[in-house]
1. Along the Cα→Cβ direction, 7 angstrom out, place labels at residue 212 and residue 99. What is the inter-label distance in nm?
2. Mean separation of Cα pairs under 8 Å and 6+ residues apart, divided by the residue count of segment 1-77: what relative contact order is that in percent?
3. Quick one: net charge of residue 328's neighbours, Cβ under 11 Å, K/R +1, D/E -1?
4. Given a 1.4 Å probe, how much area per residue of segment 1-145 is accessible, in Å²?
5. So what does the Cα-only Debye profile of segment 1-101 read at q = 0.17, 0.19, 0.23 Å⁻¹, as log10 I(q)/I(0), no solvent term?
6. Counting only residues 5 or more places away or on other chains, whose amide H sits under 5 Å from the amide H of residue 155 once H atoms are built in the peptide plane?
7. What distance in nm separates the simple spin-label points at residue 279 and residue 11, each placed 7 Å from Cα in the Cβ direction?
8. Taking the Cα centre of segment 81-149 as origin and charging only Cβ (+1 Lys, Arg; -1 Asp, Glu), how large is the dipole, in debye to the nearest 20?
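The values are calculated or read from the model by the stated rules, or taken from the named source; none is laboratory data. Values in this document were obtained by computation on a predicted structure and should not be read as measured data. Ideal geometry is used to build each Cβ from the backbone, glycine not excepted, and the neighbour counts take in all protein chains shown. We work out accessible area using only protein heavy atoms, side chains counted, and drop any ligands, DNA or RNA first. Shrake-Rupley method; radii C 1.70, N 1.55, O 1.52, S 1.80 Å.
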Amino acid sequence: MHCITYRHYGQAADVLEAVSNYPRAYMDAESDSVLVKVYAASASQHDLKLMEGYFKGPFSRGIGKGGRIPGCSVSGVVTAVGVKVKGLSVGDEVIGMLEKGGALAEFVSAREKCFVLKPKNLTHFFSAALPLAGVAAFHALRNLADIKQNQKVLILNASGGVGTLAVQIAKCMGAHVTGTTSRNMSLVKRRLGADVVFNYKERPWWEAFEGAEFDAIINCGEGGAKCYHHCPLVLKRKTGRYVTLVPDEDEKVSTQRYLSNFFKRNFRSPSSSLPRYRVCKVRVNQKILKTIAHMAQNGRLKPVVDESSFAFSDSGAKLLFGKLAAKSASGKLVMEIDPKLARRMSHEIKPKHCIVGRTDNGAQGFYSSPRSADSFSSQYSPGGALDDKERKRSLNMSKSMKRFSGSIKRGGSSIIGSASLFGRRVSSSGGRIRDKFSRGKNTDIATRQF
């Protein structure tokens, strides 16, 4: 099969190559394995660091004779299943998160728990941006930072592959979201719904937000130990949380330095002002992956894919990882393994449920969104958004309230007639009207947690 692979650690331009005779992905027919034909796949910073040997240690097994295929997120169609597979069948369109990489290939094989059904309203091209980035963002916000409604969250690098999803998920949780970016402020503020957006190229974010008392900081791409050491300036004193998805070291450090930092961050003295240091280690979690797919299916989570196009070749792979290294992407970087099928349209595809990331170099300073957290979370709260009947009922009630108030202003003769606008739902008695009003008002801002 065709694939992108590397046999040595190093820079992408030096080690990546396209192979046409690589052994096809193997699937054990007696297990719960699934064989998937890949239409689109995406890579992440983890793949880049792995290829450059960042995680290479004295006890690592190395690359192996056949080389290693990068990429952890795929979207495609099931071509074969094992006898123990229960939830998937041949022909199902799926998205998946691979435990050991291998996404940039024609076929992939993994256990059933790594795959869920693809959102029907998205093409494979945009669906490939969801698995790894979505699971990472959800795990960081929900399980590690424990975000609650009306809490304040600062998301660093809010325009990256993980950051764009983290902003939307945090808004779904009802949080007040502040995002930092350098060149994509219009994307974060207008399309994703962040309350405040800041250009960190002008001055450091810890100076701009000093004393803001955020409940949590989610580091989605800003490396460097300085991020963690400046947290006390913007976090709440006792309850603030710092969660990072990237190593906070500027470069490789010695074993002694690593152990020293580990104990300082995880075993703090009572007098220390530094928050607890939490690293988001992403593992396959089918439950979270199903939640992400469900949110995308309902239009609550819109994948953001960079406008750049990458061919399924060694040159295309080098361009993709070169842009990853430069950190200049607006959203997720996706490679089309099968260009025709990756962007195939159907009557179920909804282009408004996905976003093409484009670079905006003219952005400066702050932006404060006029949209409140309550209004946004009531519309996009996953699992707790209003269903169609509730939304129609609420809309009809608001229209009736406007007519009723207008009738009162015009005179008492029309009050009795306006009361009949409520129909059988509301009687003319004041108590019943107030009761219905209060319930309708609470329904408008209702949000439920995950």
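1. Result for the modelled spin labels: 3.9 nm.
2. This gives 41 percent for segment 1-77.
3. Details: positive: 183, 323, 327; negative: 306.
Cβ neighbours under 11 Å give a net charge of +2.
4. Solvent-accessible surface per residue comes out at 42 Å².
5. -0.87, -1.02, -1.26
6. 178, 179, 180, 218
7. Computed distance between label sites residue 279 and residue 11 equals 2.7 nm.
8. Roughly 220 debye for segment 81-149.
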